[in-house]
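All remarks here apply to the structure that follows.
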């Protein structure tokens, strides 16, 4: 069985496309936006003035837009902040994605569910009369379950007439985050001494218990390998940090780790999943996001906190960390951004 999994992962690795382009970071009023673009020609980014308006129900809103122009097409990212909560259920999200952008004419419209920015959303493909496709995805940054259905105050819609590979990269890598003042983000760092490791993270004022498991030998990885699992138990939500320590340096391959993260999600029944590069604890790693048939979301992050680059260009490390989180994205993102794993000199 292990040989079959290895062959599947090896085949996928050999067939994998080239690495994504470097991320683009853009301020959008109170939001920070990042995304990757893969385009053959040059492109420009414009940020028009915000537009204010009201919904048919009389709820005021402010719409902010990032416009991406290139010879290969056009893309827009629109973040709309409503003055009070509005319907944000699957039907409302689907309707947002099906509203034809730029007044284009269409001869065919197809909509399906899609994860965008690690959240459940809708993706609509518009077939144009003259040929070609326009894609549009919609999701909510902050929707919550209220009596009757979901409600939210911030929607995000991404429209693109760029080639599909560029559009897919945009959809897969888009991240929108509302900036907060430092005074709004109290530092509540927890530190755990787990054998030879010092682990620290910040989950704000969440109520949780940390459980440090005993170290066990990772026999399938050969001699000199020890594994230790730390569980962050929040009652209805939880996360775990699996630390694997090696006695000798190992090669670090981000694409292999991305495939392993997706395989872990698939094995757990999270059939809708994707993985991408992600900074974890200040170092490069990967983040996989999966959704099961019941719309439950699981996050899997993998990184090597002690990775270094050899003279030949290869990355090597002796400590591999695998984080599995069932917390909401806001808490998971905070955990990943503040997580530090250090091996003591005496270990």
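Would it be correct to say that residue 130 is under 17 Å from residue 156 (Cα atoms), without any contact (Cβ under 8 Å) to a residue 60 or more places away in the chain and not in a strand (DSSP E or B)?
Taking the combined requirement at face value, the residue does not satisfy it.
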Of all residues in the range 94-126 being touching a residue at least 60 places away in the same chain (Cβ under 8 Å) and assigned to a helix (DSSP H, G or I), the one that is nearest to residue 42 (Cα to Cα): 97
Scan the range 287-306 for residues that are over 13 Å from the mean Cα position of the chain (by Cα) and buried (at least 20 other Cβ atoms within 10 Å of the Cβ) and jot them down. 303, 304, 305
Only one of (1) at pLDDT below 90; (2) touching a helix residue (DSSP H, G or I) at 6+ places or on another chain (Cβ under 7 Å); (3) in the same structural domain as residue 155 (by TED's automatic domain parsing) does not apply to residue 35, and that is (1)
Enumeration of residues in the range 191-205 that are at pLDDT 90 or above and assigned to a loop (DSSP other than H, G, I, E, B): 203
Of all residues in the range 224-253, count the ones that are over 24 Å from residue 206 (Cβ atoms), crowded, with 19+ Cβ neighbours inside 10 Å and within 22 Å of the chain's Cα centre (by Cα). 1
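Rundown of residues vs (1) in contact with a strand residue (DSSP E or B) (Cβ under 9 Å, 6 or more places away or on another chain); (2) at pLDDT 90 or above; (3) over 15 Å from residue 297 (Cα atoms), yes/no style:
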| residue | (1), (2), (3) |
| --- | --- |
| 221 | yes, no, yes |
| 227 | yes, no, yes |
| 231 | yes, yes, yes |
| 241 | yes, yes, yes |
| 258 | yes, yes, yes |
| 266 | yes, yes, no |
| 271 | yes, no, no |
| 274 | yes, no, no |
From the options 133, 169, residue that is out of contact with any helix residue (DSSP H, G or I) (no Cβ under 8 Å at 6 or more places or on another chain) and either in the same structural domain as residue 61 (by TED's automatic domain parsing) or at pLDDT below 90 (or both): 169
So, residue 284, is that one surrounded by fewer than 20 Cβ atoms within 10 Å (Cβ to Cβ) and closer than 12 Å to residue 115 by Cβ or not? no
Please verify whether the range 39-48 includes one or more residues that are surrounded by 15 or more Cβ atoms within 10 Å (Cβ to Cβ), in contact (Cβ under 8 Å) with a residue 40 or more places away in the chain and not in a strand (DSSP E or B). yes
Could you tell me how many of the residues in the range 59-117 are surrounded by fewer than 19 Cβ atoms within 10 Å (Cβ to Cβ), at positive phi and within 21 Å of the chain's Cα centre (by Cα)? 0
Can you pull out every residue in the range 251-271 that is in contact with a helix residue (DSSP H, G or I) (Cβ under 9 Å, 6 or more places away or on another chain) and not in a helix (DSSP H, G or I)? 253, 270, 271
Criterion: outside any strand (DSSP E or B), surrounded by 16 or more Cβ atoms within 10 Å (Cβ to Cβ) and either more than 12 Å from the chain's Cα centre (by Cα) or at pLDDT below 90 (or both) - qualifying residue of 320, 334: 334
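The values are calculated or read from the model by the stated rules, or taken from the named source; none is laboratory data. The structure presented is a predicted model; accordingly, all values stated were derived computationally and were not measured. Here Cβ is always computed from backbone atoms with ideal geometry, including for glycine, and neighbour counts include all displayed protein chains.
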